[in-house]
Number of protein chains: 2
Amino acid sequence: MKREIINKLKSIVGKDQLTTAPEELLCYSYDGTGREYQPEAVVFPVNTCEITAIMQLANATPFPVVPRGAGSGMTGGALPVAGGVVIALSRFNRILEIDEANQVAVVEPGVITGDFRKTLEKRGLYYPPDPASLKFCTMGGNVAECAGGPSAVKYGVTRDYVLGLEVVLPDGRVIQTGVRTAKGVVGYDLTRLFIGSEGTLGIITKITVRLIPHPSAKKTFLILCNSIKQATSLVAEILTRHRPCTLEYMDRTAIQIVREKLPFTLAENTQALLLLEVDGDAPSVAIQVDALQEFLTAKRDLLSVMQAEKADEIDALWAARRAVSPAAFNLKPHKISEDVVVPRSRIPELVFFVENLATKNALTIFTFGHAGDGNIHVNIMLDKNEPQEVNRAAIATKALFEQVIKLGGTLSGEHGIGITKAAYLPLELDAASLEVMRGIKKFFDPNNILNPGKIFPAERHAKKTIDKITDGRL
Amino acid sequence: MKREIINKLKSIVGKDQLTTAPEELLCYSYDGTGREYQPEAVVFPVNTCEITAIMQLANATPFPVVPRGAGSGMTGGALPVAGGVVIALSRFNRILEIDEANQVAVVEPGVITGDFRKTLEKRGLYYPPDPASLKFCTMGGNVAECAGGPSAVKYGVTRDYVLGLEVVLPDGRVIQTGVRTAKGVVGYDLTRLFIGSEGTLGIITKITVRLIPHPSAKKTFLILCNSIKQATSLVAEILTRHRPCTLEYMDRTAIQIVREKLPFTLAENTQALLLLEVDGDAPSVAIQVDALQEFLTAKRDLLSVMQAEKADEIDALWAARRAVSPAAFNLKPHKISEDVVVPRSRIPELVFFVENLATKNALTIFTFGHAGDGNIHVNIMLDKNEPQEVNRAAIATKALFEQVIKLGGTLSGEHGIGITKAAYLPLELDAASLEVMRGIKKFFDPNNILNPGKIFPAERHAKKTIDKITDGRL
């Protein structure tokens with residue numbers, strides 16, 4: 001990137017709000033995938049006008065621009081794969097408004113989701129989406145990827161709470177989408193077109209969300225099962241009768257990984273566990289707990305049903321659940337982590353398929369995640385220094401995706417496509433849908449300036465890439 | 001339309017599935033707006049391939065195509081304003097699948113919403129959206145307009161239940177959007193781009209919706225208030241503490257219109273009433289009822305709080321509520337009915353403004369509707385044979401919309417824009433948003449074949465039209 005461009009960028013954001021220092025660029029070159037792509041510069045704009053000016057310059061030059069929240073994404077959404085400039089949105093970090101009477105809030109994209117939730121709790125309000133990374137991920141990233149979390153089984157995902165957005169378009173124009181009311185059907189639904197578009201259609205600079213009253217009570221159950229089949233079948237059964245706010249699942253490998261962190265001693269033959277929570281006001285939680293106890297007691301073949309009573313027990317359970325993903329690296333140095341979704345009645349088939357896949361390909365694969373909404377995190381462990389293992393993992397990944405589609409499922413429940421799943425997109429989307437999506441991208445961003453290389457498979461090579469994977473040559 | 005084209009259409013759908021008979025065309029020339037535009041032909045395709053062939057022919061010729069459900073829309077979405085062919089979707093009327101285990105259903109667009117809800121109820125399942133027209137409106141129309149209804153205050157609108165669609169694009173290509181799982185973030189959210197697009201981007205031929213368990217119990221309250229302010233303030237207060245599944249409101253004129261249909265005798269000084277319902281399973285409804293009773297009893301200045309206990313009382317209440325709109329024609333032969341939305345804390349201001357507007361312009365205006373989500377139906381009564389009254393009504397409508405935007409609201413909560421509100425769109429949307437929406441339309445439908453003349457203000461005349469309204473000359 002020419003010095004002249006860097007100087008122009010400096011004149012937009014101020015010279016202290018741009019860096020090209022290698023050690024700083026490094027901090028903006030990675031995300032949750034573990035892959036690394038170095039940007040040529042990172043800028044820290046503080047308002048919409050600066051972003052507009054950057055986008056105008058980027059189109060005129062041209063150079064790629066990649067918006068970035070906390071870099072906690074799991075599919076590469078924030079990676080500058082084509083170089084260019086990263087726009088760090090860390091200075092867009094204000095909660096602009098909490099309107100208690102109307103249960104609406106307006107935030108900037110750099111606000112950390114967990115901080116926002118804590119601020120709301122003090123006022124008796126609740127913003128349900130709770131991705132595992134909530135302590136550091138940002139609202140902007142959550143909107144760009146349509147983040148979910150354990151609470152989605154009862155409360156839905158980010159999409160279900162965003163009412164409106166302010167967006168800087170790839171050409172620098174600023175638009176306001178949506179409403180700040182409970183309803184609104186004026187013109188096309190641009191709000192939801194931007195949600196989940198992974199930073200490829202615009203840069204989100206303001207987010208209006210609806211809130212709900214904070215549930216005042218919660219109860220946590222831990223259910224131990226003697227087989228995966230028992231656990232996964234129970235999930236479908238529970239959901240036709242009850243309305244838990246969490247219904248998480250771990251297989252025996254996941255349990256093994258975090259066994260020491262759990263606040264309970266598990267029976268030796270525990271093959272799977274369910275973490276189940278109900279929430280609401282105290283009387284309604286009491287009713288739910290009674291109904292669940294009755295239902296679970298009648299299931300005589302369960303190994304154990306425990307209620308976590310104390311706050312520290314509950315915290316320890318959640319700490320263990322959230323530790324599954326990072327602690328998995330004790331097994332192998334690398335992990336391919338997929339967040340596939342199937343209709344929940346098909347979970348047993350999926351998990352059975354994954355177990356066979358592991359055996360057949362001599363891989364360690366474990367599953368855990370949001371069983372309540374059929375969103376199973378499938379984790380393939382590998383050592384990238386072992387080419388044979390890498391190939392086997394690639395074959396297993398493709399087989400997994402094909403099976404998921406066969407089961408009526410989808411490639412991603414909450415992580416998005418980014419770069420890691422782009423090659424597989426044609427497995428799920430028909431050719432015409434893909435063409436339409438490409439056309440929308442081209443309409444918004446004719447110069448392909450904004451977050452290039454994401455979502456879509458490389459046009460000419462898509463089929464070849466997939467064939468290569470089939471042959472285990474990737 | 002040339003005989004040659006008619007013959008080609010006949011060869012696509014079969015000669016008995018097309019009509020040009022004037023008396024039949026008449027049946028497809030109106031909708032809920034009371035306006036009339038005659039199509040040149042109506043076709044009754046039975047499958048997606050036929051629709052594809054029609055769209056290909058329409059582009060090649062060219063002629064306009066307008067998809068039509070039950071014609072119950074309130075803003076002209078189904079009116080063939082530019083002539084051409086109406087595609088009646090009445091033969092796409094099958095419930096294709098009800099998957100109880102996964103709480104998902106797949107329906108064709110011609111399925112009547114009320115019938116679908118009844119079929120589900122027998123299986124213990126619930127599809128919440130309940131537009132007032134549910135006995136005759138169709139699922140396709142509901143998706144195209146993003147229909148709501150009284151239950152939206154608790155359960156949300158059509159958008160919140162649609163998981164995926166099959167759509168014939170304006171050029172005839174068929175795409176599958178979305179998922180049939182609880183979650184999904186693969187590619188751009190085309191599903192929600194089509195929802196509420198008022199039949200301008202594609203013809204919906206299949207709809208996948210998520211379902212929830214049917215609430216087994218419900219209680220209905222009727223709350224009489226001595227002032228509109230009391231009623232509208234109560235709405236905001238109720239919603240910070242309780243979670244009703246209905247919170248409808250009527251002002252004194254609306255009450256007057258249906259007073260004789262109500263199953264209760266109202267106090268003479270009743271100035272407004274609230275119809276409130278809570279639902280769930282029996283124990284949770286009991287808890288909600290206790291909490292509401294306690295809350296409402298403490299409000300000593302309410303005129304009366306009644307519980308409708310018997311099924312026939314509840315039915316009569318709902319019959320009265322649904323009769324407000326049709327029975328209003330006893331006041332005047334014509335009605336301008338707007339479904340504006342404001343943040344619910346601003347409802348008192350809006351209703352006060354409307355009362356003044358009526359006085360100032362010597363008009364009868366009454367309000368009722370979904371107060372729980374701030375979606376107030378404002379009804380301006382007039383006689384279109386009185387040019388002065390027509391002008392005053394036009395001035396009042398524009399003033400209403402301007403005030404709604406000032407209050408942080410939106411022009412439409414559930415009826416859409418269609419032709420009746422198109423001229424006002426620039427009041428709410430910024431110029432860049434409008435340009436983006438027009439660009440999306442052009443990308444999907446470059447020949448402007450599909451439902452032309454809807455949503456967007458006539459490009460050159462938009463400002464003029466608005467100016468005209470200001471001068472009371474429309």
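The values are calculated or read from the model by the stated rules, or taken from the named source; none is laboratory data. In this text the structure is predicted, and so the values were computed from the model without any measurement. With ideal geometry, Cβ positions are generated from the backbone for all residues, glycine too; neighbour counts draw on all protein chains shown. Accessible surface areas use protein heavy atoms only, side chains included; no ligands, DNA or RNA. Shrake-Rupley method; radii C 1.70, N 1.55, O 1.52, S 1.80 Å.
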Problem set entry | Ordering of B:403-416, B:234-247, A:116-129, B:295-308 by burial proxy (mean other Cβ atoms within 10 Å per residue, highest first) | B:403-416, B:234-247, A:116-129, B:295-308
For this session: Sort A:252-265, A:445-458 for me by packing, meaning the mean count of neighbouring Cβ atoms within 10 Å per residue, highest on top.
Result: A:445-458, A:252-265
For this session: Assuming R0 = 22 Å, can you tell me the calculated FRET efficiency for the pair residue A:49 and residue A:16, based on Cβ-Cβ distance, to the nearest 0.05?
Result: 0.80
Exercise. If r is the Cβ-Cβ distance from residue A:260 to residue B:281 and R0 is 45 Å, what FRET efficiency results, to the nearest 0.05?
Worked result: 0.65
Exercise. What is the magnitude of the charge dipole of region B:1-112 about its Cα centre, with +1 placed on the Cβ of each Lys and Arg, -1 on the Cβ of each Asp and Glu, and no other charges, expressed in debye to the nearest 20?
Worked result: 440 debye
For this session: Quick one: with label points 7 Å out along Cα→Cβ, list the inter-copy distances for residue B:458 in nm, shortest first?
Result: 5.2
Exercise. To the nearest 20 debye, what is the magnitude of the charge dipole of region A:151-259 about its Cα centre, counting +1 on the Cβ of each Lys and Arg and -1 on the Cβ of each Asp and Glu?
Worked result: 460 debye
Seminar exercise, completed: Spelling it out for residue A:77: with amide H atoms placed in the peptide plane at 1.01 Å from N, the residues 5 or more places away or on another chain with amide H under 5 Å from its amide H are A:419
For this session: Indicate, rounded to the nearest 5 percent, the antiparallel portion of the DSSP beta bridges found entirely in chain B.
Result: 90 percent
For this session: Place +1 on the Cβ of every Lys and Arg and -1 on the Cβ of every Asp and Glu in the protein assembly as shown, take the dipole about the Cα centre, and give the residue among A:146, A:434, B:235 whose Cα lies farthest towards its positive end.
Result: A:434
Problem set entry | Sequence-distant residues sharing a close amide H with residue B:206 (under 5 Å, placed H) | B:166
For this session: Could you pull out every one of the lysines with an alpha carbon less than 29 Å from that of residue B:310, ignoring same-chain neighbours closer than 8 positions?
Result: B:118, B:122, B:135, B:154, B:218, B:219, B:261, B:299
Exercise. Size of the dipole of chain A about the Cα centre, Lys and Arg at +1 and Asp and Glu at -1 on the beta carbon, nothing else charged, in debye to 20?
Worked result: 660 debye
Problem set entry | Rg and Dmax of the protein assembly as shown, Cα atoms only, in Å | 28.2, 85
For this session: Report, for residue B:94, each distance to the same residue's label point in the other copies, shortest first and in nm; define the point 7 Å along Cα→Cβ.
Result: 5.8
Problem set entry | Rounded to 10°, Cα long-axis angle of helix B:3-13 versus longest principal axis of chain B | 70 degrees
For this session: Describe numerically, in nm with one decimal, the distance between label points set 7 Å from Cα along Cα→Cβ at residue B:300 and at residue A:329.
Result: 6.6 nm
Exercise. Which whole-Hz couplings ³J(HN,Hα) result when phi for each residue of region B:72-83 is put into the Karplus expression 6.51 cos²θ - 1.76 cosθ + 1.60, θ = phi - 60°, listed in order with x for Gly and Pro?
Worked result: 9, x, 9, 10, x, x, 9, 7, x, 5, 10, x
For this session: For residue A:406, go through the lysines and keep the ones whose alpha-carbon is under 16 Å away, minus same-chain ones fewer than eight residues off.
Result: A:398
Problem set entry | Spin-label model distance (nm) - residue B:227 vs residue A:237, 7 Å beyond Cα toward Cβ | 5.8 nm
Problem set entry | Those GluC sites (Glu not before Pro) in region A:269-343 that DSSP places in a loop and that have at most 11 other beta carbons within 10 Å | A:309
Problem set entry | By accessible area with a 1.4 Å probe, ligands and nucleic acids excluded, highest first: order of A:442, B:10, B:154 | A:442, B:10, B:154
For this session: Tabulate in residue order the Karplus-calculated ³J(HN,Hα) for region B:63-70, using 6.51 cos²θ - 1.76 cosθ + 1.60 with θ = phi - 60°, rounded to whole Hz; enter x for Gly and Pro.
Result: 8, x, 10, 10, x, 9, x, 9
For this session: Would you kindly derive the ³J(HN,Hα) couplings of region B:193-200 from the backbone phi angles with the Karplus curve 6.51 cos²θ - 1.76 cosθ + 1.60 (θ = phi - 60°), listing them in order in whole Hz, with x for Gly and Pro?
Result: 5, 6, 5, x, 8, 6, x, 9
Exercise. When you look at the Cβ of every residue in A:38-46, what mean number of other chain Cβ atoms sits within 10 Å?
Worked result: 0
For this session: Go through B:393, A:20, A:62 and say which Cα lies farthest out towards the positive end of the charge dipole of the protein assembly as shown; charges sit on Cβ, +1 for Lys and Arg, -1 for Asp and Glu.
Result: A:62
